[in-house]
Amino acid sequence: MKKVCITTLEFPPDVGGVGESVHRIAQMLVNLGYEVHVAVFRAIFRNERELAAAGEYRRAGCQTTERDSITVHRIHPAIRSTVAKEQDYLSDIYDQLSILHQQHQFDLFHAFSLTNGLSNYAVSKRK
């Protein structure tokens, strides 16, 4: 069975048109016999600055669940300080996608934004 990883900034229950589109496409792929994984990561530091200001720090990580026969990986960037750094965020995303790729050996990556696409490209070329 071919394995597909779709990366996106939102996926249900997140509210948004992109998330709904990703869900619909993922469901179609499942119905065609693909094993579908969706890696979700939020826009840069949406809530992280508030957590850091409150002194709540964390390592980067990934929470995996299943929804409608789709494996959903919600990637969380590390919270290191109150100063958000895009480079750190993108590095965390790359590292988490690399770990997922090592675990699942995806045959195809698909991205719903340029940022996601750059991360996908880098992970897919990693040897």
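The values are calculated or read from the model by the stated rules, or taken from the named source; none is laboratory data. From a predicted model like this one, the values you see are computed outputs, not experimental measurements. Positions of Cβ are backbone-derived with ideal geometry, glycine not excepted, and every protein chain shown enters the neighbour counts.
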Within segment 52-102, the count of residues that are closer than 25 Å to Met28 by Cβ and in contact with a Leu (Cβ under 8 Å, 6 or more places away or on another chain) comes to 3
Counting only residues that are of a type outside the set (Phe, Trp, Tyr) and without any contact (Cβ under 8 Å) to a residue 40 or more places away in the chain, segment 87-114 contains a total of 11
Scanning segment 1-58 for residues that are hydroxyl-bearing (Ser, Thr, Tyr) and assigned to a loop (DSSP other than H, G, I, E, B) gives Tyr34, Tyr57
Among residues of segment 100-120 being in a helix (DSSP H, G or I) and at pLDDT 80 or above, the residue nearest to Glu35 (Cα to Cα) is His104
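Which residue is surrounded by the fewest Cβ atoms within 10 Å (Cβ to Cβ), if the candidates are limited to segment 60-99 and must be among the basic types (Lys, Arg) and part of a loop (DSSP other than H, G, I, E, B)?
Lys85
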Condition set within 12 Å of the chain's Cα centre (by Cα) and among the small types (Gly, Ala, Ser), scope segment 24-59, selection surrounded by the fewest Cβ atoms within 10 Å (Cβ to Cβ): answer is Ala43
